[in-house]
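Asker: Take a look at this one; I'll ask things after.
What follows is calculated from the coordinates using simple rules that are stated; it is not laboratory data. Source: prediction; values computed, not measured. Heads up, the Cβs are rebuilt from the backbone with ideal geometry, glycines too, and the neighbour counts pull from every protein chain shown.
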Amino acid sequence: MSVTENGVTESGVREGGAAEAAGGGGADTVTVRVPAKVNIQLGVGGARPDGYHDLANVFLAVSLYDRVTARPADTLTITCEGPGAAQVPLDGTNLAARAAKLLAERHGIAPDVHLHIAKEIPVAGGMAGGSADGAAALLACDTLWGLGSSRAELLELCARLGSDVPFSLVGGAALGVGRGERLTPLEVGGEFHWVFAVADGGLSTPAVYGEFDRLNEGVRVPAPKASEPLLAALRTGDAPALGAALSNDLQPAALSLRPSLATTLTTGRAAGALAALVSGSGPTTAFLASDAVSAVAIARALLASGTCVATHTATSPAAGATVL
């Protein structure tokens with residue numbers, strides 16, 4: 001399941017303090033680790049005139065990571081390895097390439113960098129793997145080029161790249177509103193244990209939103225708002241209470257497009273998960289476990305059931321994009 005490919009062109013960015021942590025600008029190679037996310041609440045409003053949806057999106061970063069390495073090159077190129085690498089675009093549509101180009105344009109420099117992506121986050125799995133790579137590329141290029149961009153500058157560039165990219169930079173836990181790009185940090189009172197089941201193949205986020213609109217045609221969709229019980233469970237570190245409050249308004253749409261996911265969710269619950277839901281737009285499914293031992297047992301049961309092609313155990317919260 002590991003494939004390495006070659007291909008792209010463009011340039012880079014970084015966050016205030018990161019270059020200093022990496023020894024300053026001008027490094028030969030910079031590697032940034034960036035986490036996956038799970039949406040423990042994904043409240044979705046009706047379609048806006050611009051085609052987007054207003055969200056109440058509670059993000060939680062988990063300890064499942066991609067790594068993006070930046071080094072000088074004659075032109076912008078991208079390579080990728082790891083599970084699902086064959087599905088990752090290696091041209092200018094890749095968010096890491098777009099991030100490098102956007103940063104370079106901001107500073108009037110050439111986007112001459114080689115970006116190597118080592119995948120662990122499922123590709124097209126609803127865990128913001130592409131967004132994570134975009135955030136990591138910004139930070140890696142900013143550090144490599146010694147630009148010293150502030151956090152505010154990087155977050156502004158992240159928001160231009162995509163709705164999930166700012167959270168990938170920040171990590172931890174946050175409420176995202178608007179398209180999900182306007183973040184408010186949230187307090188987390190303990191460690192949570194997760195299992196993620198990777199489905200065979202991906203789901204297109206636009207397709208899932210399109211199915212959401214179809215399923216809600218003629219229905220007045222209420223404005224989304226954050227769940228107070230969920231935020232309280234997050235603050236206190238109460239895993240059973242968090243499990244009772246998890247929600248994803250896109251789940252019916254994902255199940256409509258991929259009915260087999262319902263069996264995966266049922267299997268995880270039967271194996272002892274406190275709660276189960278589709279992660280973001282799917283098709284990765286997420287299972288909250290009571291502890292690390294339970295997480296391992298749930299992961300084994302899911303894999304043995306044949307309802308998924310791989311499983312990962314992880315904890316949350318996790319730090320955002322970090323220079324290694």
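Asker: Applying 1/(1 + (r/R0)^6) with R0 = 22 Å to the Cβ-Cβ distance of S256 and E191, what FRET efficiency is obtained, to the nearest 0.05?
Answerer: Values: r = 34 Å, r/R0 = 1.54.
Computed FRET efficiency for S256 and E191: 0.05.
Asker: How far apart, in nm, are two points set 7 Å out from the Cα along the Cα-to-Cβ line at Y52 and at A86?
Answerer: Placing both labels 7 Å along Cα→Cβ, they lie 3.6 nm apart.
Asker: For the chain, what is the percent of antiparallel DSSP beta bridges, rounded to the nearest 5?
Answerer: Given both bridge residues lie in the chain, the antiparallel proportion sits at roughly 90 percent.
Asker: May I ask for the percentage of alpha-carbon pairs in region 144-287 that lie more than 19 Å from each other?
Answerer: Here the tail beyond 19 Å accounts for 62 percent of pairs.
Asker: DSSP beta bridges in region 5-186, what fraction antiparallel, as a percent rounded to 5? Walk me through the intermediate numbers first.
Answerer: Details: 31 of 36 bridges.
DSSP beta bridges in region 5-186 are roughly 85 percent antiparallel.
Asker: How far apart, in nm, are two points set 7 Å out from the Cα along the Cα-to-Cβ line at S305 and at E156?
Answerer: 4.7 nm
Asker: Can you give the calculated 222 nm mean residue ellipticity of the chain, where each DSSP H run of n ≥ 4 adds -39,500 (n - 2.57) and the sum is split over every residue, rounded to the nearest 500 deg cm²/dmol? Walk me through the numbers on the way to the answer.
Answerer: On the way: 11 runs with 108 residues, N = 324.
After summing the helix terms and dividing by residue count, I get -9500 deg cm²/dmol.
Asker: Same structure, new question: Among Y65, Y209, Y52, which one shows the highest mean-square fluctuation when the chain is modelled as a Gaussian network with alpha-carbon springs under 10 Å?
Answerer: Maximum fluctuation in the GNM of the chain, among the listed residues, is at Y52.
Asker: How much length is gained on full extension from A270 to D74, taking 0.36 nm per residue of separation minus their Cα-Cα distance?
Answerer: Numbers: separation 196, 0.36 × 196 = 70.56 nm, distance 5.38 nm.
The span from A270 to D74 would gain 65.2 nm if fully extended.
Asker: With a 10 Å radius around each residue's Cβ, average the other Cβ atoms per peptide and rank 129-140, 251-262, highest first. Let's see the in-between values first.
Answerer: Values: 129-140: 32.6, 251-262: 18.2.
So the peptides 129-140, 251-262, ranked by packing, come out 129-140, 251-262.
Asker: Continuing with the same structure: For N248, list long-range residues whose amide hydrogen, built 1.01 Å from N in the peptide plane, is under 5 Å from its own amide hydrogen.
Answerer: L42
Asker: Okay, next question. Report the label-to-label distance for T236 and T93 in nanometres (one decimal), using points 7 Å from each Cα along the Cα→Cβ vector.
Answerer: Reported label-point gap for T236 and T93 is 4.7 nm.
Asker: Moving to a separate point now. Which FRET efficiency value, to the nearest 0.05, is calculated for R182 and S204 with the Förster distance at 30 angstrom and r the Cβ-Cβ distance? Can you show the working numbers first?
Answerer: Working: r = 24 Å, r/R0 = 0.81.
Taking R0 as 30 Å, the efficiency between R182 and S204 is 0.80.
Asker: What percent of all Cα-Cα pairs in the chain falls in each 20 Å bin, counting up from 0?
Answerer: The calculated distribution, bin by bin, is 34, 57, 8.
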